[in-house]
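The values are calculated or read from the model by the stated rules, or taken from the named source; none is laboratory data. Please read all numbers here as calculations on a predicted model, not as lab measurements. All Cβ positions, even for glycine, are placed from backbone atoms using ideal geometry, and neighbour counts span all protein chains on display.
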């Protein structure tokens, strides 16, 4: 879907028309034919959930996006000297209805959480090997300190305003083991052309740009963050082990960061 002009976005935000119009858009998108799923695909969520999670009703695109996301995570881990295979306990923060988790080659030691109860209910019913939990818009998570060697969040911090995002980075760090990895995706320089002049200036100055912050946690809320901001502010308590511009394959043109928690918690 093309980006509306910034003036229209400001009008929709001011008049609070954006949330109902976005829901209408999702409903209309769900009416499109879904087409066939790729070979070897597992359980497929209903069209309405696929649109909510991935923005597409197309079965092939939904599954293919999950497979590409798994490849992206494994690839950036290998760039840091690790891999998916080396982690026995993995959490996806913002797992939706398991688009990515269902493409892993195992369910043992795999957990996922999401803000939406309908998505978590679907995962619990159709992907029972995954430890699926519901979380709130704010921390905490229902796991103890140091529960996971790897946590990843794809297309999640792209929809969280700064105060909420900072609290979640701290919480995800809490559930990471010392030396564990956190992979997140962000909206980076690729999106500069869709920003307004004022937004471009804020981005160029190293700041975060937020749209529809009142709809935090939904796909309506969007944040745009330069690489320097993610390294120095969002991930300031962690070590950046790897970075790939537009490297979060399976998601719409998002940068991919891999952070590592200090081997000994401070």
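What about residue 199, is it in a helix (DSSP H, G or I), out of contact with any helix residue (DSSP H, G or I) (no Cβ under 9 Å at 6 or more places or on another chain) and either modelled with pLDDT of 95 or more or on the phi > 0 side of the Ramachandran plot (or both)?
no
Which residues, counting only those in the stretch 237-252, are modelled with pLDDT under 95 and within 16 Å of residue 224 (Cα to Cα)?
Matches in the stretch 237-252: 251, 252.
Looking only at the stretch 92-117, count every residue that is part of a strand (DSSP E or B) and within 18 Å of residue 217 (Cα to Cα) and tell me the total. Full working, then the answer.
First, pick out the residues of the stretch 92-117 that are part of a strand (DSSP E or B): 92-93, 110-114.
Right, trim to within 18 Å of residue 217 (Cα to Cα) and you get 92-93, 112-114.
Matching residues across the stretch 92-117 total 5.
If a residue must be touching a residue at least 60 places away in the same chain (Cβ under 8 Å) and not in a helix (DSSP H, G or I), how many such residues does the stretch 80-91 contain?
7
Are there any strands (runs of 3 or more DSSP E) wholly within the stretch 205-265 with 3 or more residues that are at negative phi, touching a residue at least 12 places away in the same chain (Cβ under 8 Å) and surrounded by fewer than 21 Cβ atoms within 10 Å (Cβ to Cβ), and if so which?
239-244
Rundown of residues vs (1) modelled with pLDDT under 80; (2) crowded, with 17+ Cβ neighbours inside 10 Å; (3) within 26 Å of residue 249 (Cα to Cα); (4) more than 23 Å from the chain's Cα centre (by Cα), yes/no style:
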position	(1), (2), (3), (4)
2	yes, no, yes, no
20	yes, no, no, no
33	yes, no, yes, yes
42	no, no, yes, no
50	no, yes, yes, no
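Filter the stretch 114-126 down to residues that are surrounded by fewer than 20 Cβ atoms within 10 Å (Cβ to Cβ) and in contact (Cβ under 8 Å) with a residue 24 or more places away in the chain and give me whichever is nearest to residue 164 (Cα to Cα).
Let us first name the residues in the stretch 114-126 that are surrounded by fewer than 20 Cβ atoms within 10 Å (Cβ to Cβ), namely 115-118, 121, 124-126.
When the remaining residues are screened for being in contact (Cβ under 8 Å) with a residue 24 or more places away in the chain, the result is 115-116, 118, 126.
Numbers: 115: 13, 116: 17, 118: 22, 126: 30 Å.
Result: 115.
For the stretch 158-184, what are the residues that are in a helix (DSSP H, G or I), within 21 Å of residue 82 (Cβ to Cβ) and in contact with a strand residue (DSSP E or B) (Cβ under 9 Å, 6 or more places away or on another chain)?
Within the stretch 158-184, the first condition is being in a helix (DSSP H, G or I), and the residues that meet it are 158-159, 162-175.
When the remaining residues are screened for being within 21 Å of residue 82 (Cβ to Cβ), the result is 169, 172-175.
169, 172, 173, 175 - these are the residues of the stretch 158-184 that are in a helix (DSSP H, G or I), within 21 Å of residue 82 (Cβ to Cβ) and in contact with a strand residue (DSSP E or B) (Cβ under 9 Å, 6 or more places away or on another chain).
Quick test for you: out of 103, 95, pick the one residue that is closer than 15 Å to residue 251 by Cβ and free of Cβ contacts under 8 Å to residues at least 40 places away in the same chain.
Numbers: 103 fails: free of Cβ contacts under 8 Å to residues at least 40 places away in the same chain.
Sole residue among the options that is closer than 15 Å to residue 251 by Cβ and free of Cβ contacts under 8 Å to residues at least 40 places away in the same chain: 95.
Condition check: closer than 19 Å to residue 239 by Cα, in a strand (DSSP E or B) and touching a helix residue (DSSP H, G or I) at 6+ places or on another chain (Cβ under 9 Å). Does residue 132 satisfy that? Step through it out loud before you land on a result.
Details: closer than 19 Å to residue 239 by Cα: no; in a strand (DSSP E or B): yes; touching a helix residue (DSSP H, G or I) at 6+ places or on another chain (Cβ under 9 Å): yes.
For residue 132, the condition - closer than 19 Å to residue 239 by Cα, in a strand (DSSP E or B) and touching a helix residue (DSSP H, G or I) at 6+ places or on another chain (Cβ under 9 Å) - is not met.
For residue 77, state whether it is assigned to a strand (DSSP E or B), within 20 Å of the chain's Cα centre (by Cα) and either surrounded by fewer than 18 Cβ atoms within 10 Å (Cβ to Cβ) or at pLDDT 90 or above (or both). Can you show your working first?
Working: assigned to a strand (DSSP E or B): no; within 20 Å of the chain's Cα centre (by Cα): yes; either surrounded by fewer than 18 Cβ atoms within 10 Å (Cβ to Cβ) or at pLDDT 90 or above (or both): yes.
Considered against the rule, which asks whether it is assigned to a strand (DSSP E or B), within 20 Å of the chain's Cα centre (by Cα) and either surrounded by fewer than 18 Cβ atoms within 10 Å (Cβ to Cβ) or at pLDDT 90 or above (or both), residue 77 comes out as no.
Check 124, 155 and return the single one that is in a helix (DSSP H, G or I) and under 22 Å from residue 44 (Cβ atoms). Please lay out each step first, then the result.
Numbers: 155 fails: in a helix (DSSP H, G or I).
Sole residue among the options that is in a helix (DSSP H, G or I) and under 22 Å from residue 44 (Cβ atoms): 124.
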